[in-house]
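**Student:** Let me begin by handing over the structure; questions about it come next.
Values quoted throughout were computed directly from the atomic coordinates according to the rules given, and no laboratory measurement underlies them. Predicted, not measured: the structure shown is a model, and the values here were computed from it. Please note: Cβ atoms are built from the backbone with ideal geometry, for glycine as well, and neighbour counts cover all protein chains shown.
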Amino acid sequence: MSDADYDRLKQRNKAIEDRFSTEKRSDSPSEQIGAPVSEGFDKVRHAQPMLSLGNAFTNEDVIEFDQRIRKFLGVNETAPLRYTAEPKIDGLSLSLRYEDGTLVQAATRGDGEVGENVLANARVISDIPHTLTSVPAIFEVRGEVYMSTADFAALNARQAEIKGKQFANPRNAAAGSLRQLDAVITKSRPLRFFAYAWGEVSEAFAKTQSDAIAALSRFGFQTNPLTTSCDSPDAMIAHYRDIEENRATLGYDIDGVVYKVDDLSLQKRLGFRSTTPRWAIAHKFPAELAWTTLNDIEIQVGRTGALSPVARLSPVTVGGVVVSNATLHNEDYIAGLGGDGAPIREGRDIRVGDWVQVYRAGDVIPKIKDVDPSRRDPTSTPYVFPQICPECGSVALREQGDAVRRCTGGLICPAQLVERLKHFVGRSAFDIEGLGAKQIEQFYADGWIRSPADIFTLQARFGTGLQQLKNREGWGEKSAEKLFSAIAEKRQISFRRVLFALGIRHVGEASAGLIATHYGTWDAMETTLTTATIGQGAAWDDLLGIDGVGAVMATSLITAFQNDNERATIDALIAQLDVQEATAVAVSDSPVAGKTIVFTGTLEKMSRAEAKVRAEALGAKVAGSVSAKTDILVAGPGAGSKAAKAESLGVLTIDEDSWLAMIDGL
């Protein structure tokens, strides 16, 4: 899959998750960055991760971004706060490493942690200097490789003359050209480079984002002349509108404007989420529109049993991309109703055969915006959403408060079981080399793997005898032994990965880590979940005391471990594994490492969000409620019931000044 295809699907997935947050998959691509590196290149581990950006699609999103920044930093609405605004180049991210002024490494973003070594190709791009002067001894410059629209047209014209490959758009052309195994081919392609960021540097070279961009220009890099500084969301939006109006005249593709907090010391305080920085956001341009025919509505069944409708369209080009499928969300959306039950599209429903308006949210996500009833066949009838699972024939129920209808077949539903097995071997779960989605589908179809435990008995069942893995088409003795070895290596595995791999609804990678750290051992968690009563009791309170675990997730966990079929599957798997004990983050010289801390009341010198980040960085666990396991309660004005409970339990209670004194200098 190309980077462009991956990014398009990831953005589409994120938008659906934002609209239907309860349906977010536990293996969501939103928690991942980029894609694995190609086997054709050497791997390069980034000294500092190359993250992606959060997105804004409306003016309100930009205003909310500013408000979130101010809330985190504890800055009021009237205090000055500057941002930079720069065009978001539609190209391929590249990191350039200079040591003592000499270019020694060039790496693509890859999955954010590990990229591809493309140094030979970077050296033939005219915008990339081979040597620098007056720069830090270690200096990583980051930016975007792109191709101008004029150069792209000329390249495709040359390709047509020699009957070569035609590229779909400048971004694909740039990505494909940079990632050639032969640098001679890359040199023949007209690639350019805009510098706009940096990674590891051995010494500070600027105090603000604006100063840093100016420094990059002085060092000899091309920087975007449309980059400016803004002192308010209104100024940011005004610059966005100006760039949007002139978008077609720029000579290169952009898909939005990126806003960044200008002060680098504030960027440091704001820090990062799992895949994105808090101090930056990409304001994407509005979607482009097109009309086409809806030929069919198909139902897909997901890992959680959700019946998801997909529109099959007569292919149409929208924003430079051919679109033939679009999401229809759920049965209410098809009927012309929103999530709150109020009419959308003025109540117009969607039917097979309709003339529909398609758009790509953020220039990426295909959706149906509207329908034209005047062109509707008078004999058409409203779409009837199925109440029977198309995969297994089980009843599909819609629970109160749920936006989707779900198959009740569970493990007898092949769609759910196969998807759960794919999730189980995913990159953030067991990540077994040589056992991916394709192999899972093959083994499932042949009846070789029907549960996670079957993976670990595969060698015993099909390593010898008449039916052997090495005798299957596409396999041999070496490949079979390699797979068996890879499976054996995963018998010893972390608590966090096992819990995430089970695919329990609402339990994502991050929450699995929090739960694992809280309980320490698998047996401790298992005992709690087996004896817990939903909604009451010490075990329930203990589970809710984990920061980030709410009633919905807790209910899902308890239900899974107390369901006979699910528990049998889990127990069979655990019997094959050596689940490692989870340990809390250890921070040397930290007085709070390993302690459980609760923040309550109003903090006056830092926001609650920043206090939580600081505590976790020092190795503490931050809980949402006070219990007997709480070590410290940091109480500001208006602490209320948590302070009273802490006193009754004998929990150490301190104020914000004492908290800051405790972590001073760390």
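**Student:** Express in nm, to one decimal, how much length is gained between Q222 and D377 on full extension, taking 0.36 nm for each residue of separation and deducting their alpha carbon distance. Don't skip to the end; give the middle numbers.
**Tutor:** Values: separation 155, 0.36 × 155 = 55.80 nm, distance 5.59 nm.
That works out to 50.2 nm of additional length.
**Student:** Here's a follow-up. When DSSP beta bridges are limited to those with both residues in the chain, what percentage is antiparallel, rounded to the nearest 5? Spell out each step's value before the answer.
**Tutor:** Numbers: 73 of 90 bridges.
Just about 80 percent of them are antiparallel.
**Student:** Let me ask something else about it. Quick one: check the C-alpha center-to-center distance for the range 495-527 versus the range 372-400, whole angstrom.
**Tutor:** 37 Å
**Student:** Give me the aspartates and glutamates in straight-line cross-link reach of K629: C-alpha distance below 14 Å, same-chain residues under 8 apart excluded.
**Tutor:** Within reach: D541, D542, D547, E647.
**Student:** Can you list the HN-Hα couplings for the range 380-387, worked out from phi with the Karplus curve (6.51, -1.76, 1.60; θ = phi - 60°), rounded to whole Hz and with x for Gly and Pro?
**Tutor:** 5, 10, x, 6, 9, 6, x, 10
**Student:** Continuing with the same structure: Mind jotting down the distance between the C-alpha centroids of the range 202-271 and the range 64-95, whole Å?
**Tutor:** 10 Å
**Student:** Given the Cα atoms of the chain, and with Rh set as the inverse mean 1/r over their pairs in the Kirkwood sense, what is Rg to Rh to two decimals?
**Tutor:** With Rg and the Kirkwood Rh in hand, the quotient comes to 0.97.
**Student:** Then there is this: Could you order the peptides 253-264, 223-234 from most to least packed, using the average number of other C-beta atoms within 10 Å per residue? Intermediate results must be reported in sequence, preceding the final value.
**Tutor:** On the way: 253-264: 22.7, 223-234: 16.3.
The most tightly packed comes first, giving 253-264, 223-234.
**Student:** Also, I was wondering about something else. With a cap of 13 neighbouring Cβ atoms within 10 Å, and only residues DSSP puts in a loop, list the GluC sites (Glu not before Pro) found in the range 173-263.
**Tutor:** Working: sites: E200, E203, E244, E245; in loops: E203.
Loop-located and lightly packed - E203.
**Student:** By how many nm would the segment from A572 to A510 lengthen if fully extended, with 0.36 nm per residue of separation less the alpha-carbon distance? All intermediate terms of the calculation are to be shown ahead of the outcome.
**Tutor:** Values: separation 62, 0.36 × 62 = 22.32 nm, distance 2.48 nm.
Roughly 19.8 nm would be gained on extension.
**Student:** Over the range 393-502, what is the relative contact order in whole percent, taking alpha-carbon pairs under 8 Å and six or more residues apart?
**Tutor:** Details: 98 pairs, mean separation 27.9, N = 110.
This gives 25 percent for the range 393-502.
**Student:** Run the lone-cysteine check on the chain: no other Cys C-beta under 4.7 Å from the residue's C-beta.
**Tutor:** Among the cysteines of the chain, those whose Cβ sits 4.7 Å or more from every other are C230.
**Student:** Place the peptides 511-520, 100-109, 457-466 in order of packing, highest mean first, counting for every residue the other Cβ atoms within 10 Å and averaging per peptide.
**Tutor:** Numbers: 511-520: 20.9, 100-109: 19.0, 457-466: 13.2.
Most protected by this proxy first, the peptides run 511-520, 100-109, 457-466.
**Student:** Further question on the same structure: Step through the residues of the range 640-648 one at a time and calculate ³J(HN,Hα) from phi using the Karplus curve (6.51 cos²θ - 1.76 cosθ + 1.60, θ = phi - 60°), rounding each to whole Hz and writing x for Gly and Pro.
**Tutor:** For the range 640-648, the Karplus curve yields x, 5, 5, 5, 5, 5, 4, 5, 5 Hz.
**Student:** For E399 and A79, compute 0.36 nm times the residue count separating them, minus their Cα-Cα distance, and round to one decimal in nm.
**Tutor:** Working: separation 320, 0.36 × 320 = 115.20 nm, distance 4.72 nm.
Gain on extension, E399 to A79, equals 110.5 nm.
**Student:** A248 to A335: FRET efficiency via 1/(1 + (r/R0)^6), r the Cβ-Cβ distance, R0 25 Å, to the nearest 0.05?
**Tutor:** On the way: r = 38 Å, r/R0 = 1.53.
Result of the calculation: an efficiency of 0.05.
**Student:** Next up: Run the simple label-point estimate for A153 and E60 please: 7 Å along Cα→C-beta, distance reported in nm.
**Tutor:** 4.0 nm
**Student:** Go through A168, A510, Y240 and say which Cα lies farthest out towards the positive end of the charge dipole of the chain; charges sit on Cβ, +1 for Lys and Arg, -1 for Asp and Glu.
**Tutor:** Farthest along the dipole direction, towards plus: A168.
**Student:** How large is the Rg to Rh ratio of the range 596-662 when both quantities use alpha carbon positions and Rh follows Kirkwood? Mind dumping the intermediate values first?
**Tutor:** Working: Rg = 10.7 Å, Rh = 11.7 Å.
Radius of gyration over Kirkwood radius for the range 596-662 works out to 0.92.
**Student:** Another one. Between T559 and T133, what is the FRET efficiency for a Förster distance of 60 Å, r being their Cβ-Cβ separation, to the nearest 0.05? Mind showing how you got there, number by number?
**Tutor:** Numbers: r = 64 Å, r/R0 = 1.06.
The calculated FRET efficiency here is 0.40.
**Student:** Let me ask another. Here are some pairs, K10/K369; K10/K490; K10/K422; K260/K595; K438/K490; which of them have Cα atoms lying more than 23 Å apart in this structure? Intermediate values should be presented prior to the final figure.
**Tutor:** Details: K10/K369 20 Å; K10/K490 28 Å; K10/K422 18 Å; K260/K595 34 Å; K438/K490 19 Å.
In this structure, K10/K490; K260/K595 lie more than 23 Å apart at Cα.
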